[in-house]
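Student: Below are the structure tokens for one structure; questions will follow.
The values are calculated or read from the model by the stated rules, or taken from the named source; none is laboratory data. It should be emphasised that the depicted structure is a prediction, and the values quoted were computed from it without experimental measurement. Note that each Cβ is placed from the backbone with ideal geometry, even for glycine, and that neighbours are counted across all protein chains shown. The protein model used for the area step is the full one, side chains on, heavy atoms only, and it has no ligands, DNA or RNA in it. Shrake-Rupley method; radii C 1.70, N 1.55, O 1.52, S 1.80 Å.
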Amino acid sequence: MSVHDPSAPQRVAADPNHSAWVTANAGSGKTKVLIDRVARLLLGSVRDGDTPPDPSKILCLTYTRAAAANMQNKLFARLGGWALMDDSALRAALVDLDTERGAEIELKRARRLFAQALETPGGLKIQTIHAFCESLLRRFPLEAKISPHFELMDEVTSAELLNAAKESTIARALTGGNGALRDAAMLIIDRVQEFGIDALIQEIVKQRPAFEGSTDEVVARIAHALDVDESDTVEAVRAAAVSGFDMKALRELARAFADGGKHEQAVAPDLLEALAEGTDGDLVSALRAALLTKTGGPRAKFPTAAIKKALPWAEDLCAEIAGALLELSAQEQAIEGFANSKALARFGVALLGEVRMLKARADALDFDDLIRLASALLTEADARDWVRYKLDGGVDHILVDEAQDTSAEQWQVIGAIAEEFFAGESARDAHRTLFVVGDEKQSIYSFQGADPRGLSVIKERFDELTKGVDAPMQEPQLLHSFRSTPAVLNAVDTVFASEPARDGLSADGAAPEHLAFRADQPGCVEFWPVVQPRDNPEAQPWHVPVDEVEPDAPHLRLAEGIATRIAGWLANGTILKSRARPIRPGDVLILVRRRNAFTDAMIRALKARDIPVAGEDRMVLTQQLAVRDLMALARFALLPDDDLTLATVLRSPIIGLSEQALFDLAYDRGGRRLWRALYLRREEDAFAGAFAILNDLLNEADFLRPYEFLERALNMHGARARFLGRLGVQAEDPIDELLSQALAFESVETPTLQAFVERIDASDFQVKREMEQGRNEVRVMTAHGAKGLEANIVFLPDTVALPPRNTSGVFVLKTEAGDAPIWSRRRNEDPPPVAGLREYRRSLEMQEYRRLLYVGMTRAQDWLVVCGYRGSREAPDDSWLRVVEAGFGEG
């Protein structure tokens, strides 16, 4: 098999005779391989004499609902096409799919597959891991010890429940009789203050497995991880350290210090006083000042030559005590870390217990619960054997997509099912396979539990499972990119050729290798000069708000430059050479690391040039203009005497009153409320329509559910059309999401307009918009959101800033007894209780940061533009910009 034959490894990966662990580069056609494998399974081209498997016994697991829907659509398109092909075309398609058996496959069987897949009870199992776990729990609710009628919480409901749990836990801690919990809560509140408590609670929820068990169990794990005894105190370890010091020699050394150099003379009085009548703590502090630097390290070339000449043993004594002090510092940090972590454990266990209680009352689960409960159902002894036995008759083939994004808890679910495949003699004589495809270079979801370092462990486990069968696991590598031109792929390989740049890209540390399928097609990679701050920016006038962005800020100038380039392409009819046609707006994808001021500026710059733009891929619902206007309308209906709210509604597209008309209405109205002024002028042409709409909604507000109220405004009174006319099609998603939130609210709460307004105001719900490639619009999105997408032209403008540090101070250490939550002080300058812990976590953040650069660069098909802007004159040494410059040379 030639490595330069792109179809050869694909055929090996799609062969359902063997299990397979597939490593796939970006753009290597892994979705096609998945569909080929499923199609061959459905055709039954597995072994001579085998019957085609039941479609319901094939389980395809992928990472997102969009990916699952895309896979299912492509599979149905393939099968539907077979049903309509003539004999010669169908035979050619089957031979292309299976070169060995394609000529023997019965055409009638292939044509029946589409109907067979549609008629499968429950449909083909192409779903996310969360959807599979939900179906598993609904099938075995009693075994999982949950309500058969549990509800799955959305993000807003989860946030509300967590907030309620926080308030209840803090109230119970501060007013209840549990002194230990009160002390823990007071310590935490003192450490993080009002604005840090929510971030800390989010970290507790994220690290929930580390808080599993009773408080005593979690505290015991912490003590084991920090290697401290729960009864240890700082005073005790200081006393133990001091007891080992030679006091006579120290007094002689201190007297010598009094006649020594400048530093010795400065520290001698405190040291002599501590030796004479000070406490252990005083002596330790004086010795640290004398023998250690300000950063805590041992002093170099100390003591002075004069002291060493007078006391030949002084150098050895200083080195010995300095070493003891360093060891003591580590013990003190561990003890302080234990006290902090113990408080965090006590508070975290109480908080998560409150969360569980509130969920149980509501018969509700969140997405993390689905994974946790499904894993327990398949691994814990109570019901494991029964559940696995029932599942053993339901799944014969497991296909896992995006393996690098699957968390350890999700792998436990997959692994438990897979183990039953190959454990001993199966109750059914059936051919069973595992198929896993992924790319550790594209693992960018650590915040959701993904850890590419664990992939090799999972692979070894699956390899052992399949060794006992007559079709061992294959390990093909898909190196060919069907997406990108050689110019783009060469840039990727060049950037990540150096060892520092590829740190974290793969477990073995090897440089990436990409083979271009489009070997003869032209491509382009551009590196723009970085936009710098002005040397002498003009002073802003005194009346300009202090937080207003300067008009020539670097990010604004870069956005204008990109928009100008795109506008020039479109106006000049610039030809995309590899496609032999002019560039279109839909060819362009602008990728950022994070949504920030540049994102908004970029969209504004494109709109200012009348370039079609899809807007942001994610948006906070309450920050959208259409939503804010509709919520203002709801507030007016609840309190019509609020003049400012009514003025907002009148100027919004809901009414569309002009600035002059609003001034005429509001000016010189004799002290009346604005609503009263509108009522008195309701007969005038300028205000009749506004009064009719608002009066109708005001009269109906007490009788309509929130959804009905919004629908009445949007459809009956035409506000939706006016929103779209004013704001464009981008307003559709937030409006529809607000309506969806209204329906969801009505199903769980008393459907009053007041309660709905309060819920929306208190939420920061994000709308996730699918950026369809079929729409002819420029897309501006994050590299995370672009995973799985591609574009002919890709801009990478956010290349300078580094990823933010995790400032929660919460670390998780693994012990034999389980995960232990360790909490250091929040300030970065304070050392963590275990040396190197913060540096280690930062290294993991930077590794994922570089993988995100790989994902961004490999979205480009034909043209890649790398650019950036600096907020200050210097870019960090390990920024994306520096990584690229190091690959190509800074010249």
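Student: Of the heavy-atom accessible surface of the chain (probe 1.4 angstrom), what whole percent is carbon and sulfur?
Tutor: 50
Student: Order these peptides, 726-738, 29-41, 564-576, by their mean beta-carbon neighbour count within 10 angstrom, highest first.
Tutor: Final packing ranking: 29-41, 726-738, 564-576.
Student: Averaged per residue, what accessible area in Å² does the stretch 124-270 show with a 1.4 Å probe, protein chains only?
Tutor: Dividing the accessible area of the stretch 124-270 by its residue count gives 52 Å².
Student: Using just the helices of the chain, give the 222 nm mean residue ellipticity in deg cm²/dmol: DSSP H runs with n ≥ 4 each add -39,500 (n - 2.57), and the total is spread over all residues, rounded to 500.
Tutor: Helix contribution divided over all residues of the chain: -16500 deg cm²/dmol.
Student: While we're here: Sort 249-260, 755-766, 438-449 by the packing proxy (mean of other Cβ within 10 Å over each peptide's residues), most packed first.
Tutor: Ranking the peptides 249-260, 755-766, 438-449 by packing returns 438-449, 249-260, 755-766.
Student: Report which label in (1) 103, 92, 65; (2) 119, 88, 52; (3) 120, 65, 53 holds the value of Cα extents along the principal axes in Å derived from the coordinates of this structure.
Tutor: Matching the structure shown: (1).
Student: Over the chain, what relative contact order in percent results from Cα pairs under 8 Å that are six or more residues apart?
Tutor: Relative contact order for the chain comes out at 18 percent.
Student: On a straight-distance basis, which lysines could pair with Lys467 in a cross-link, Cα separation under 18 angstrom, same-chain partners fewer than 8 positions away excluded?
Tutor: Output for Lys467: Lys459.
Student: Summing +1 for each Lys or Arg and -1 for each Asp or Glu, what net charge is found among the other residues whose Cβ lies under 13 Å from the Cβ of Asp96?
Tutor: +3
Student: Here is a follow-up. Which net charge results when you count Lys and Arg as +1 and Asp and Glu as -1 among the other residues whose beta-carbon is under 15 Å from that of Glu277?
Tutor: -3
Student: Show me the chymotrypsin sites (Phe, Trp or Tyr not before Pro) within the stretch 702-748 that DSSP assigns to loop and that have at most 16 other Cβ atoms within 10 Å of their Cβ.
Tutor: Phe703
Student: Counting other Cβ atoms within 10 Å, which chymotrypsin sites (Phe, Trp or Tyr not before Pro) in the stretch 576-675 have at most 13 and lie in a DSSP loop?
Tutor: When the chymotrypsin sites (Phe, Trp or Tyr not before Pro) of the stretch 576-675 are filtered for loop state and at most 13 Cβ neighbours within 10 Å, Tyr667 remain.
Student: Further question: What number comes out for the charge environment of Leu34, summing +1 per Lys or Arg and -1 per Asp or Glu over other residues with Cβ under 14 Å away?
Tutor: +3
Student: Among rounded, prolate and oblate, which fits the stretch 92-155 when a ≥ b ≥ c are the square roots of the eigenvalues of its C-alpha gyration tensor, a/c under 1.5 means rounded, and a/b larger than b/c means prolate?
Tutor: The shape class here is prolate.
Student: Which value, in Å², gives the accessible area per residue of the stretch 612-704 when a 1.4 Å probe is used on the protein heavy atoms?
Tutor: Per residue, the stretch 612-704 has 50 Å² of solvent-accessible surface.
Student: Please give the peptides 292-298, 599-605, 777-783, 840-846 ranked by average Cβ packing (other Cβ atoms within 10 Å per residue), highest first, as a rough proxy for protection.
Tutor: 777-783, 599-605, 840-846, 292-298
Student: Within straight cross-link reach of Lys125, meaning Cα distance under 19 Å, which lysines are found once same-chain residues fewer than 8 apart are removed?
Tutor: Lys30, Lys32, Lys57, Lys74, Lys390
Student: Under 18 Å between alpha carbons, and skipping anything fewer than 8 positions from Lys577 in its own chain: which aspartates and glutamates qualify?
Tutor: Qualifying aspartates and glutamates at Cα under 18 Å: Asp520, Glu526, Asp587, Glu790, Asp862.
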